[in-house]
Amino acid sequence: MAADFRRGRLTPLGWAALVIGAALMLAPLTWAVLLSLKDNAALVGHSEAALHGPYTLDNYVAIFGNSLTTRWLLNSTIVALGQTAGVLILASLAGYGFARLDFPFRRTLFVIVLIGLAVPSQAVILPQHELFAWLHLHNSYPGLILPGLIAPFGVFFMTTYMRGIPRELDEAAMLDGASRWTTFWKVILPLTVPAQSTLAVFTFLGAWNDYWWPLISATRSDMYTLTVGLAAAQMNYAQTSGLGYLMAQAVFASIPIFIVYIIFQKQIVRAMAGTAV
Amino acid sequence: MASLELKGVRKSFGSTLILEDVSLTLDAREFVAFLGPSGSGKSTLLRIIAGLETADAGEVWLESFRIDPLPPGERGVAMVFQHYALYPHMSVRENMAFGLRNARVPKDEIERRIADAARVLEIEPLLDRKPGEMSGGQRQRVAIGRALVKEPKLFLLDEPLSNLDAALRLRTRVELAQLKQRVDAAVIMVTHDQAEAMTLADRIVVINDRTIQQVGPPMEIYNRPANVFVAQFVGSPAMTLVPAQLAENGDYATLKIGDGTVVETRVPRDRLPPSAHFRLGLRPEAVRVVGSGEATSKAKVELVERLGERTLVYARLGDGQPITAEDQRDSRLKIGDEIALRIDGAAAHVFDADGAGYHRTGA
Ligand SMILES: Nc1ncnc2c1ncn2[C@@H]1O[C@H](COP(=O)(O)OP(=O)(O)O)[C@@H](O)[C@H]1O
Ligand SMILES: [Mg+2]
């Protein structure tokens, strides 16, 4: 079926499977959107009221009623963009180094990067917390952004991609009198754009959705990211009342991600299919 | 003034010696082909000249400057890579301009050179295309154009025709020959195809077994191969080598081969080393299928190869020695036929036990 799909042809059975799959994925999303458009009181006890009107935007208005929401949105944007830019720059430079330069302990260092892939962030969060406390970086943008720049996957990904670029191009550039930097900047880097966009999308999504580190690092509410802020503002752990408001928060928080998906659809599909590597 | 000079160049990869004591001098504006089997170190030598590899010993000089300590971009050489190595994200124009910008050539000068090269190579309509939007032949021309605009002192071409189909290869061969007339620079072309080397080069440098086997104009390489390797590598089909004994005394070497045939060569006898054992070298055109009257030997046909303009006959002499002969184009021979051959001693070569070649004087 996969082959048929690639050629844009599908058997009726294939169609049915895709439609059912898509419906299953869409159902909870639709449900969340419908709930978010309902008055909270109307949902108490019988959430199926979401299936019919009257609908209202009150819950969304209420989100902005919290004076800090826009601030959290800004924080999330700064952190996610900062991490994305940082990871792209570092992973590209490191990838070029691993792929093209000869330096002492290159193999050993690369193995360390690979080991880094296997270390879960939870395992290092305590010393990381201590370190940032010692550096007085908690409750700051550097404090929120820096841990995300430890990106062994990004380094591995860019190294692999750059290794796939023919060395003849570097050599042609050398004969064309290009310096190392010019070769990197004008020849190699432009050829990694597909990999860059894939890495950018995943880094951005990961940073935007991150909850644990900002929860630990940002203790002042004006430094919360959107995920932490919305969770803190909610205070309604049983989730028995205020269901509409809760769903409005969730929908609101995912709007930027939704936008990223729309813009980078092609790269995401390609990355998922593994053809970008 | 000499163009390129190589002095005692040596190179190994790890413990494998690839090139040993390679010395060579190119004349100004000379077109030289490095010819040798695959893996003989031709590309390595080219890359040493370009500065992409560092020689373990030896010097490289270009127009009286020692260039081997210089980085590739400052050597005054331009290279056309085997797989073209065009920058995929740049247009043809940008590909050609890249090296000139790095060399800080003024903008209008860059424009002028690109326009000139594009006209000569007939790639003007392609200037704004990217390499991915062109055929192999077009990419090839662009790769040549990128080298041309640099106005180098030396062009290096690594198997420039090997990625083209047969028809295009012939056409590009002609174009390379024309190009050679236009440029005021020496050209080195690496190839494993002897026909390419023979048609294009002023001189051929035959490389094998870590070193230069022979340097000379194409016809000299063909007519006076320095050794057995050159004799068999150049020429198609390969020269037949027949073990032979020196017979009789005289001014010229007379050799007797296994089936009893005596061949009177025109190789001066006093040039040969004092030994009785030699090999007789016979190109197909030196062995003709004849009527029994003029025959020197008898043979049995094993294979007939009709090439149109001539017919090659692969046969065995009475003692089982394989030999390649030529018959007229409308030959009626078939496998198994008994034939009469005439070995033309005047066109024969002699090789000694070490493989060194001896040839008739003159010619
Ligand atoms: N970078 C390298 N490392 C190790 N061995 C190499 C390298 N480049 C070439 N060689 C070896 O050197 C020999 C000559 O290669 P090359 O110059 O490419 O031959 P040619 O161009 O005549 O086919 C080959 O045996 C090849 O395997
Ligand atoms: Mg080669």
Practice prompt. Convert each backbone phi in the range A:160-169 into a coupling constant with the Karplus relation 6.51 cos²θ - 1.76 cosθ + 1.60 (shift: θ = phi - 60°), then list the ³J(HN,Hα) values in order as whole Hz, x for Gly and Pro.
Written response: 4, 5, 5, 4, x, 7, x, 5, 3, 5
Worksheet, complete the sentence: Kirkwood-based Rg/Rh on the Cα set of chain B evaluates to 1.07
Item to complete: Give, in nm to one decimal, the length gained when the segment between residue B:269 and residue B:112 is fully stretched (0.36 nm per residue of separation minus the Cα-Cα distance).
Response: 50.4 nm
Worksheet entry | Residue-by-residue Karplus 3J(HN,Hα) for the range B:10-15, coefficients 6.51, -1.76, 1.60, Hz, glycine and proline x | 10, 8, 10, 9, x, 9
Worksheet item: Counting each DSSP H run of 4 or more residues in the protein assembly as shown as -39500 (n - 2.57), what helix-only mean residue ellipticity at 222 nm follows after dividing by all residues, to the nearest 500 deg cm²/dmol?
Response: -13000 deg cm²/dmol
Discussion item. Let's test this: bin the Cα-Cα distances of chain A at 10 Å from zero up to the farthest pair and state each bin's percent.
Written reply: 6, 21, 26, 24, 16, 6, 2, 0
Discussion item. If I model a spin label as a point 7 Å beyond the Cα along the Cα-Cβ vector, how far apart are those points for residue A:18 and residue A:123 in nm?
Written reply: 4.0
Fill in: trypsin sites (Lys or Arg not before Pro) restricted to the range A:5-96 and DSSP loop, no more than 10 other C-beta within 10 Å
A:7, A:9
Fill in: Pairwise centroid distance, computed over Cα atoms, of the range A:152-219 with the range B:274-348, Å
66
Fill in: Interface residues, the range B:68-115 - accessible area loss of 50 Å² or more versus chain alone, probe 1.4 Å
B:81, B:87, B:89, B:98, B:102
Response to the item:
Non-local residues with an amide H under 5 Å from the amide H of residue B:267, with H modelled 1.01 Å from N and Pro and chain starts lacking one, are B:253
Worksheet entry | Accessible surface of chain A, 1.4 Å probe, proportion on carbon and sulfur as whole % | 72
Fill in: Under 15 Å, Cβ to Cβ, from residue A:147 - net charge with Lys/Arg +1 and Asp/Glu -1
-2
Worksheet entry | Probe 1.4 Å, accessible area per residue of the range B:100-234, Å² | 46
Worksheet entry | Residues residue B:64 and residue B:12, FRET efficiency given R0 of 25 Å [Cβ-Cβ distance, rounded to 0.05] | 0.30
Practice prompt. Could you go through the range A:223-229 in sequence order and give the Karplus-derived ³J(HN,Hα) for each residue, using 6.51 cos²θ - 1.76 cosθ + 1.60 with θ = phi - 60°, rounded to whole Hz, and x for Gly and Pro?
Written response: 9, 4, 8, 4, 4, 5, x
Worksheet, complete the sentence: Lys and Arg at +1, Asp and Glu at -1: neighbours of residue B:8 with Cβ under 15 Å from its Cβ sum to -1
Discussion item. With the alpha-carbon atoms as the only input, what is the per residue convex hull volume for the range A:2-61 in Å³?
Written reply: 114
Worksheet entry | From the C-alpha gyration tensor of the range B:240-358, square roots of 5λ in Å | 27, 13, 12
Item to complete: Please list the non-local residues whose amide H lies under 5 Å from the amide H of residue B:27, H modeled 1.01 Å from N, same-chain partners needing a gap of 5 or more.
Response: B:3
Worksheet item: Leaving out ligands, DNA and RNA, what percent of the accessible area of chain B is carbon and sulfur, probe 1.4 Å?
Response: 47
Worksheet item: Tell me: how much accessible area in total is hidden between B and A, 1.4 Å probe, Å², nearest 100?
Response: 1600
Discussion item. Ordering A:136, A:46 by accessible area with a probe of 1.4 Å, largest first, what comes out?
Written reply: A:136, A:46
Worksheet item: Order of B:73-79, B:21-27 by packing, highest average Cβ count within 10 Å first?
Response: B:73-79, B:21-27
Worksheet item: Which residue, A:127, A:214, A:142, has the most motion in a Gaussian network model of chain A that connects Cα atoms within less than 10 Å?
Response: A:127
Practice prompt. Apply 1/(1 + (r/R0)^6) to the Cβ-Cβ distance of residue A:61 and residue A:85, taking R0 = 41 Å, and write down the FRET efficiency to the nearest 0.05.
Written response: 0.80
Worksheet item: In peptide A:176-182, what is the residue-averaged number of other protein chain Cβ atoms found within 10 Å of each Cβ?
Response: 6
Worksheet entry | Surrounding net charge for residue B:113, when Lys and Arg each add one and Asp and Glu each subtract one, Cβ distance under 15 Å | 0
Worksheet item: What residues qualify as long-range amide H neighbours of residue B:79, i.e. H under 5 Å apart, gap of 5 or more or another chain, H built at 1.01 Å from N?
Response: B:156
Worksheet item: Which chymotrypsin sites (Phe, Trp or Tyr not before Pro) in the range A:84-170 pass both tests, a DSSP loop state and at most 16 other beta-carbon atoms within 10 Å?
Response: A:105
Worksheet entry | Per-selection Kirkwood Rh - the protein assembly as shown (Cα, Å, 1 d.p.) | 31.5
Practice prompt. Could you sort B:87-97, B:60-70 so that the peptide with the highest average Cβ count within 10 Å comes first and the rest follow in order?
Written response: B:87-97, B:60-70
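The values are calculated or read from the model by the stated rules, or taken from the named source; none is laboratory data. Given the structure is predicted, the values throughout are model-derived calculations rather than measurements. Every residue, glycine as well, gets a Cβ built from its backbone with ideal geometry; the counts of neighbours run over all protein chains shown. These area figures cover heavy atoms from the full protein model, side chains too; ligands, DNA and RNA do not enter into them. Shrake-Rupley method; radii C 1.70, N 1.55, O 1.52, S 1.80 Å.
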